[in-house]
Amino acid sequence: MLSVADIPIAGFHFTGIIGIVLWQGHEYRMATYLGARAVQIQNGRLRIVQRNLDLEVCILKTSGNSLKAPAKGNMTRTICESVSGTVFYRFRKNGEVLFAFKTESASFEYEYPF
């Protein structure tokens with residue numbers, strides 16, 4: 001599970017991150033409050049780095065719907081939602097690849113343009 005969003009607070013914005021990778025019985029938490037940062041958010045690619053952890057997500061194919069979302073009280077934003085998209089994941093710890101795979105059954109929402 002991974003969520004990355006623009007968080008507006010007291011007149012400024014920051015990229016908030018919360019995520020959990022469960023791999024071979026071990027839980028890896030990635031979060032802004034733990035030092036996680038988004039080093040890439042563009043063209044359907046997302047890369048999150050936190051100390052010795054590195055998670056890459058690449059949306060390869062979407063098959064979703066567009067949804068209206070609020071912005072300053074009006075439904076003017078568009079969010080795309082997919083319940084069965086194709087995504088590639090790569091997760092590293094200390095530079096070692098723990099997993100790298102493609103799935104055709106990923107669920108996600110995104111607002112950033114491809």
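Tabulated results
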quantity: Relative contact order of the chain, defined on C-alpha pairs under 8 angstrom at six or more residues apart (%); calculated: 17 percent
quantity: Potential extension, TYR33-SER105 segment - 0.36 nm per residue separation minus Cα distance; calculated: 23.0 nm
quantity: Among 69-79, 100-110, the order from most to least packed when residues are scored by Cβ within 10 Å on average; calculated: 100-110, 69-79
quantity: For ALA36, residues with placed amide H under 5 Å, excluding near neighbours; calculated: ALA31
quantity: Extension reserve of the TYR89-CYS58 stretch, reckoned as 0.36 nm per residue once the Cα distance is removed; calculated: 10.5 nm
quantity: Sum of side-chain charges, ARG51 neighbourhood, beta-carbon under 12 Å (Lys, Arg +1; Asp, Glu -1); calculated: +3
quantity: Fully extended contour minus Cα-Cα distance, from ASN74 to ALA10, at 0.36 nm per residue; calculated: 21.0 nm
quantity: For the stretch 53-65, Karplus couplings with θ = phi - 60° (6.51, -1.76, 1.60), whole Hz, Gly/Pro x; calculated: 9, 9, 10, 10, 10, 10, 7, 9, 8, 10, 9, x, 10
quantity: 25 Å tail of the calculated P(r), the chain, as % of Cα pairs; calculated: 25 percent
quantity: Relative packing of 1-9, 86-94, which averages over residues the other C-beta atoms within 10 Å, highest first; calculated: 86-94, 1-9
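No value in this document is a laboratory result; all are computed from the given coordinates. What you see is a predicted model, and the numbers here were worked out from it, not measured in a lab. Counting neighbours? That spans all protein chains shown, and the Cβs are built from the backbone with ideal geometry, glycine included.
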